Amino acid sequence: MVHTIEQIAAALGAEALGAVDLEVTGLAEPATAGPDQLALAMSEKFLADLSKGAARAAVLGAGSDWQALGLKAAIIAPRPRYALAGLTAAMDPGTGIAAGVHATAVIDARARIGAGAAIGPFVVIGRGAEIGANARIGAHASIGAEAAIGDDAVIHAGVRIGTRVRIGDRVFIQPGAVIGGDGFSFVTPEKSTVEMARETLGKGSAPAPAVSQSWTRIHSLGSVVLGDDVEIGANTAIDRGTIANTEIGDGTKLDNLVHIGHNVRIGRDCLICGQVGSAGSTVIGDRVVLGGQCGLSDNIVIGDDVVAAGATKIFSNVPSGRMLMGSPAVKMDTQVEIYKAMRRLPRVMKTVEALQKAVFNRGQND
Amino acid sequence: MVHTIEQIAAALGAEALGAVDLEVTGLAEPATAGPDQLALAMSEKFLADLSKGAARAAVLGAGSDWQALGLKAAIIAPRPRYALAGLTAAMDPGTGIAAGVHATAVIDARARIGAGAAIGPFVVIGRGAEIGANARIGAHASIGAEAAIGDDAVIHAGVRIGTRVRIGDRVFIQPGAVIGGDGFSFVTPEKSTVEMARETLGKGSAPAPAVSQSWTRIHSLGSVVLGDDVEIGANTAIDRGTIANTEIGDGTKLDNLVHIGHNVRIGRDCLICGQVGSAGSTVIGDRVVLGGQCGLSDNIVIGDDVVAAGATKIFSNVPSGRMLMGSPAVKMDTQVEIYKAMRRLPRVMKTVEALQKAVFNRGQND
Amino acid sequence: MVHTIEQIAAALGAEALGAVDLEVTGLAEPATAGPDQLALAMSEKFLADLSKGAARAAVLGAGSDWQALGLKAAIIAPRPRYALAGLTAAMDPGTGIAAGVHATAVIDARARIGAGAAIGPFVVIGRGAEIGANARIGAHASIGAEAAIGDDAVIHAGVRIGTRVRIGDRVFIQPGAVIGGDGFSFVTPEKSTVEMARETLGKGSAPAPAVSQSWTRIHSLGSVVLGDDVEIGANTAIDRGTIANTEIGDGTKLDNLVHIGHNVRIGRDCLICGQVGSAGSTVIGDRVVLGGQCGLSDNIVIGDDVVAAGATKIFSNVPSGRMLMGSPAVKMDTQVEIYKAMRRLPRVMKTVEALQKAVFNRGQND
């Protein structure tokens, strides 16, 4: 695909400078860009790389002097990452899922396939399932009975969609994700040690020697509902609800290897980063951002606009707008103070010992 | 399925009250229950929701006044979650894996398929594998050579069972799980930096500049053995042993995205929650409960009846009956005290500084 | 396979002692070894087990007295785990992937399949893909268009290789791994709460009520490149780069359920243990070892020869040779001191209170 600098800038709603009729064939990082590629040098640290590559045109952040950088042309992107979204969308060669219904696909006679839908090799579509118009289903995906996939959805290779799962329009699901496994929900006939631990928070002595009890399964009769414009990462697993559905709101994005337990409800426009896990029945508000490897206990409520740094472990309810860090999670600024204090701790311990000696005239262990 | 209140109560061994011949068609949460659904209001927080829905009958915890709640009939469940297990089992519409052997399945002539087993589309079953009676194997699952699957087992779509893996009766494996990948076991010809770090626990200076060494593979000759009534979550991975087998005892349940390293032995009736990881050769006792995202070092021993809160990281042996929390794991009640102290830490640091000034007449950094 | 002690020792370059013409048929742990098996008793803790089993020959560490142990023959392995690599390689029965191209495989006419390559049932190979000589592709794997797999590579069942991914020679990929999912990269039209949180580190009050903004996708135009001799664990996910490629260097090994974000570059001969996660654009040096469940922030640089203990969370750049522990990561020896101090913390708090009373004549909360 050949585009002029002017055409690209117009598509982005951005300003074009210099030889705006210069043609480019693709995007590249500044250090490795060829003369026909558009270099992406929106952040300052990439500016010095421009001279290492051969780009004649670049996308720059506001305030960069394109002429001093030796460029023939430039596009000025006041919000660089937003420009990147537009640039990469324009240049994306597509999902790799071929058009049409592959001859090897096993599609139940009672399933309905929307106009223009692409179905890959060895796909299995169950009884009563519905595939939306122009949806694309990759190789080896399986769509359970009575499941529904929205229009323009992209279901990549090897994705597992369970029975009765409902998926909105324009949803992207990366390879290997499992939507609608059974919930992890078991109960013993009599009270178990874990119930006792929860009640006492481990206080007092160890629980009485446990009666040997086996776990009885609580079956998952609910399903999973994903809203429109949801994205699900590779090998992520979302369990079905027990009675009601597990739900993920419109526009929410989940990264790879995320674990969402049964009955969880996530609001809209959230970002749930890699390897986050939420135990069952937790409720997450709108626009929540959870950094990688965050963990959430079961049955808690996370308000709207909460932001948690990577590896934050959240064990209790969080009010809206709170920024969190640490394990257990506390307010981000408080945690920064705690971390600083922890690093000084071994030294302070010695100070306390010296004080103790001076004041009480004895060592700490006396 | 239509049942009377009386029939359901009898199946649960529970008490039925009021219009016990009232018929219901399914289960529902109180707020959304229709007039023909049985509302589940076993925990107190759901009682207020009954008036929002239209349920005429509900399952209630002991002590709830069904008449005051405006119900026509009620079932009293003294142990609510245990009742839920019975109720959901009764109402479960099944796995969605159709009966019979699908024409597309590739089954080695030397494999043995038990009576009544269901084999889904595109399943691959290797040489010498055995599938138990009434087992159900979902679409795209692969069963390695010489593997054995027990009676009434459910292997969901896309599960990977490696060669020689043995799986007990009534086991459930959720989609995408991998049982019998190779262990992660490598060695360098000469001592590696990680071995040095283990020996010194990072004490002293950085290790001498490493000789560039590549990792040589230790092959996994062992396999994996899952006992009866085991459940394995979606996309969980259990590695085969090096010489002996990796083993999981009867009745133990693993949640989604759990990682079990080579040679690990887990006892019976354990609950291993989402995203837990255990490094190789660790031994876990019976009835152990590990909350979500717990981590276990290699080559440690966890006693029976240990309970670890979510995100507990266990680096050393744990005696039986211990309740753990935190990273590194300590006794739960001790950890609660440490957490409290940590929150007060920045303030206490200032106190120590003031004391230092008062006692020694100088600042901490003097 | 029958081997004499002498043959095995010669293959390992190790010393054989005693009845070196004794024949063995396989390897076993000492406690369960039969009379025709070679017991592996290289670590001292296994020596006592020899008498429980029936082994007549064993592999022992340097300094063990084979005659006193009642053995007829022994192999002395001065570096036991390295010997284990050789022993298990010799005895490995193979991958279980049958030779030849299975009739059910769907191979695009424009793909090229190397001499001696094995292609399992239901494999899908896309347009323009190249499979190396003697590579083995397990059942249900999918290889995207224009992807390249090296010679002698082993791609296990259900692995997903995305379009344009390049994989080196002798690479092992365990079942269910996804190489080349889309990056997790989104942007809002205006500044988002997470950007604000990053800028302020949560300082000050909560951010202004968020304008409701949806996330726009940044497409992944790059791919993934795995070097020679790389191993990838079960259900691990490696995302493609945005513009450049995500790269993993020669000889680097990744365990199960690892998450590697877009644009990450990992050097050679690293060990990345189970459930490690790295956010996007992070750069990891050579010979780095990351214990299980480590987490890495985006856009940081980890030097060569860094070693991080299990569950270390790394939020900032790390110089070469550093040994790390804890969350947030600090030097291993410093962290050991911090952990010790934390355990003493509740007690020290009381001491400070007593000091405060003694010195200032008042309680801490006055």
- Query: Restricting attention to the stretch C:145-161, does a residue exist that is modelled with pLDDT under 95, among the acidic types (Asp, Glu), closer than 28 Å to B:Asn235 by Cα and open to solvent by 10 Å² or more (accessible area, probe 1.4 Å)?
  - Reply: no
- Query: Do we have any residue at all in the stretch A:186-202 that's more than 21 Å from the chain's Cα centre (by Cα), of a type in the set (Phe, Trp, Tyr) and buried (at least 21 other Cβ atoms within 10 Å of the Cβ)?
  - Reply: no
- Of all the residues that make up the stretch B:82-120, how many are of a type outside the set (A, V, I, L, M, F, W, C) and touching a helix residue (DSSP H, G or I) at 6+ places or on another chain (Cβ under 9 Å)? 2
- State all residues of the stretch A:209-226 that are open to solvent by 10 Å² or more (accessible area, probe 1.4 Å) and more than 9 Å from chain B (Cβ to nearest Cβ); if no residue qualifies, say none. A:Val211, A:Val225
- Give A:Thr216, A:Thr252, A:Thr246 a once-over and let me know the one that is of a type in the set (Ser, Thr, Tyr), touching a residue at least 12 places away in the same chain (Cβ under 8 Å) and farther than 24 Å from C:Phe184 by Cβ. A:Thr216
- Query: So, in the stretch A:167-178, of the ones that are more than 9 Å from chain B (Cβ to nearest Cβ) and crowded, with 24+ Cβ neighbours inside 10 Å, which residue ends up farthest from B:His156 (Cα to Cα)?
  - Reply: A:Val171
- Find all pairs meeting these conditions: Cβ atoms under 6 angstrom apart; at least six residues apart or on different chains; first residue within the stretch C:23-42 and within 18 Å of B:Ser223 (Cβ to Cβ) and in the same structural domain as C:Ile8 (by TED's automatic domain parsing); second residue among the polar types (S, T, N, Q) and open to solvent by less than 70 Å² (accessible area, probe 1.4 Å). C:Gly26/C:Gln37; C:Ala28/C:Gln37
- Task: Looking for whichever is at pLDDT below 95, within 30 Å of B:Cys273 (Cα to Cα), out of contact with any helix residue (DSSP H, G or I) (no Cβ under 8 Å at 6 or more places or on another chain) and not aromatic (Phe, Trp, Tyr) here; the options are B:Val211, B:Val194. Which one fits?
- Result: B:Val194
- Condition test on B:Ala10, is it under 23 Å from A:Pro189 (Cα atoms) and either of a type in the set (S, T, N, Q) or surrounded by fewer than 16 Cβ atoms within 10 Å (Cβ to Cβ) (or both)? yes
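The values are calculated or read from the model by the stated rules, or taken from the named source; none is laboratory data. All values derive from a computational prediction rather than experimental measurement. Neighbour counts are summed over all protein chains in view; Cβ atoms, including those assigned to glycine, are modelled from backbone coordinates with ideal geometry. SASA here: full protein model, heavy atoms, side chains in, ligands and nucleic acids out. Shrake-Rupley method; radii C 1.70, N 1.55, O 1.52, S 1.80 Å.
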